[in-house]
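The values are calculated or read from the model by the stated rules, or taken from the named source; none is laboratory data. If you're wondering where the values come from, they're calculated on a predicted model, not measured in any experiment. Note that we place each Cβ from the backbone using ideal geometry, even for glycine, and neighbour counts take in every protein chain shown. SASA here: full protein model, heavy atoms, side chains in, ligands and nucleic acids out. Shrake-Rupley method; radii C 1.70, N 1.55, O 1.52, S 1.80 Å.
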Amino acid sequence: GNSVTQMEGPVTLSEEAFLTINCTYTATGYPSLFWYVQYPGEGLQLLLKATKADDKGSNKGFEATYRKETTSFHLEKGSVQVSDSAVYFCALSPNRDDKIIFGKGTRLHILP
Amino acid sequence: GAVVSQHPSWVICKSGTSVKIECRSLDFQATTMFWYRQFPKQSLMLMATSNEGSKATYEQGVEKDKFLINHASLTLSTLTVTSAHPEDSSFYICSAKRGLDYEQYFGPGTRLTVT
């Protein structure tokens, strides 16, 4: 079946630190991969996506590369800010028009 | 653009009563809406998919007679939890797709507590 596994949180970092949130997936075929972010009191927002192997999604300084050989889609940012504090969800869609399957989410705290 | 709202943001109800949650796409027409449930420290679990004017498609294990979904217009879907029990307490989140756009736009969620 299809599933997403991401690192447990919470993750606490100091401002300007390097961030990595690991995500691996299990899927048949060639899914699309996503990172969603949920800021306090708000709905989930699409942060970035990649639709095929070796694609790199990027947005707001965050990056993730679709690695088919390791079935991974790790989220990285070179220098985090306090405003990046949120919950981050890794997700996949088996087909473009299909439902989205989410990981459990990773809460990120950035200290000033 | 692409804003989705939910009402109420939180609700407390007594066991045995029914509660309705609304999901609205504020600035676009939503051809498809989704309802998710999220338990603490768990991922979002898809409950059902609804298309305007047709019956919702429920995921395996979701009781369709308990969780009634109505997608009456292109901007409104409702989830009614009937005869609620404490185990139905959860965070319910809706999302909407706009036309052929595959991206889903999420509402802020509704916290349901059944006492």
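Brief remarks follow.
- The HN-Hα couplings worked out from phi for region B:21-32 by the Karplus form 6.51 cos²θ - 1.76 cosθ + 1.60 (θ = phi - 60°) are 10, 9, 10, 10, 8, 7, 9, 7, 8, 9, 6, 9 Hz, whole numbers, x standing for Gly and Pro.
- Shape of chain B from the C-alpha gyration tensor: prolate (a/c of 1.5 or more and a/b above b/c, with a ≥ b ≥ c the square roots of its eigenvalues).
- Computed over chain B with a Gaussian network model linking Cα atoms closer than 10 Å, the most mobile of B:21, B:12, B:93 is B:12.
- Pairs over the 32 Å Cα-Cα cut-off, from the set B:14/B:41; A:104/B:14; A:60/B:20; A:77/B:41; A:60/B:41: A:60/B:20.
- Residues with amide H under 5 Å from that of residue A:48, placed H, sequence gap 5 or more: A:35
- Normalised alpha carbon radius of gyration of the protein assembly as shown [divisor 2.2 N^0.38 Å]: 1.02
- Segments B:105-112, A:19-26 sorted - mean Cβ within 10 Å per residue, highest first: B:105-112, A:19-26
- Accessible surface of the protein assembly as shown, 1.4 Å probe, proportion on carbon and sulfur as whole %: 50 percent
- Compactness ratio for region A:1-91: Cα radius of gyration over 2.2 N^0.38 Å (N = residue count) comes to 1.06.
- Amide proton proximity set for residue B:2, modelled H, under 5 Å, gap of 5+: B:27
- Using a cutoff of 8 angstrom between alpha carbon atoms and counting only pairs six or more residues apart, the relative contact order for chain B works out to 37 percent.
- For B:101, B:88, the ranking by accessible surface with the largest value first comes to B:101, B:88, using a 1.4 Å probe.
- Between region A:47-91 and region B:68-87, the alpha-carbon center distance in angstrom: 33 Å
- Area hidden from solvent between B and A (accessible, protein heavy atoms only, 1.4 Å, total, Å²): 1500 Å²
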